[in-house]
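A short worksheet on the structure shown next.
The values are calculated or read from the model by the stated rules, or taken from the named source; none is laboratory data. Quick caveat, the model's predicted, so the values are computed rather than measured. Cβ placement follows ideal geometry from the backbone for every residue including glycine, while neighbour counts extend to all protein chains displayed.
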Amino acid sequence: MIFHFTIFFWTVIFFLGLEGIAMNPVVPSWGWYFFSTTPLLIISLLASKKVTGQYIGVFLPSVLALVIPLLLLLIDHFTQRQIFIVLSAGMYYFSLLGMYRLHHAREDKTAKSFLYAAAMAAIFFFYSGTYGFYLNFTFPLWGMMFLYFIGTSFISYETFVGVERVGKARMLLYSVILGFIMGEGAWVMSFWPFGYLTAGVIALLFFFLLWDIALDGLREKLSLRKTVWRFFFFLVLLTLLLLSTPWRILV
């Protein structure tokens with residue numbers, strides 16, 4: 001079952017919240033960010049409790065609530081904002097749907113696919129939004145590194161929770177390792193001559209490579225041949241991306 005009325009209801013409320021942010025004047029300040037994200041966080045908290053009966057899975061919808069306003073801040077064109085809001089609401093729906101189905105059936109592969117897709121979208125929004133905020137506003141590099149570490153760790157853990165017969169301590173360890181690597185990657189990104197969207201895509205590709213390897217490790221299906229092919233595929237995608245993207249001139 002893909003359609004669920006309760007999830008759709010909370011997604012519509014989230015969508016209307018994003019529309020309210022987009023329709024009002026955008027003021028790049030901490031006050032604007034606080035008043036924009038707080039209602040979305042409350043919606044996510046209530047939706048998670050209503051859908052799963054607990055607050056444990058609230059982190060993934062909360063990440064979307066925290067980073068989408070940042071990206072709206074960086075999008076000037078009205079039509080592009082509307083397209084982005086619709087796509088964001090769709091990912092929000094699938095994050096709640098994945099949580100709901102996993103709550104009732106821990107081995108539901110379709111639910112895991114929904115959750116993984118929402119997690120990849122959330123992590124892309126997170127990387128792009130945080131890096132864009134770092135580039136355009138006065139924000140310390142250590143702050144971006146810390147946010148990359150925290151965001152990557154929590155999102156990774158939430159996607160690993162659905163892996164069968166694996167202890168929480170091991171999932172937490174893998175999640176922290178991924179967070180540490182991407183936190184260090186944020187420092188490397190500060191030297192890149194790219195815009196926030198290109199940087200977000202590169203960070204997403206690298207995260208997905210590491211996450212996929214970690215997932216196979218948790219499932220005890222990791223092989224050297226498969227890992228080598230992953231790195232090769234990553235390098236091909238990275239080369240195509242770097243050849244097609246504009247470079248910022250750092251002065």
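List of remarks:
- Residue within the stretch 228-236 that is within 19 Å of F139 (Cα to Cα) and of a type in the set (A, V, I, L, M) present: no
- Residue in the stretch 153-162 that is part of a helix (DSSP H, G or I) and aliphatic (A, V, I, L, M) present: yes
- Scanning the stretch 190-248 for residues that are part of a loop (DSSP other than H, G, I, E, B) and at pLDDT 85 or above returns no hits.
- Just one residue in the set L87, L40 is farther than 23 Å from F160 by Cα, out of contact with any Leu (no Cβ under 8 Å at 6 or more places or on another chain) and at pLDDT 85 or above; that residue is L87.
- Residues that are at pLDDT 85 or above and of a type in the set (A, V, I, L, M), drawn from the stretch 154-168: I155
- Some residue of the stretch 110-132 being over 20 Å from Y92 (Cα atoms) and either in contact with an Asp or Glu (Cβ under 6 Å, 6 or more places away or on another chain) or β-branched (V, I, T) (or both): no
- Residues in the stretch 115-128 that are more than 17 Å from G179 (Cα to Cα) and surrounded by 23 or more Cβ atoms within 10 Å (Cβ to Cβ): L115, A118.
Yes or no, residue by residue, for (1) touching a strand residue (DSSP E or B) at 6+ places or on another chain (Cβ under 9 Å); (2) surrounded by 13 or more Cβ atoms within 10 Å (Cβ to Cβ); (3) farther than 23 Å from H77 by Cα:
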| site | (1), (2), (3) |
| --- | --- |
| T11 | no, yes, yes |
| F14 | no, yes, no |
| G20 | no, no, no |
| N24 | no, no, no |
| Y33 | no, yes, no |
| L40 | no, yes, no |
| S44 | no, yes, yes |
| A47 | no, yes, yes |
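- Restricting the stretch 22-37 to residues that are farther than 21 Å from S95 by Cα and part of a helix (DSSP H, G or I), the residue that is modelled with the lowest pLDDT: W30
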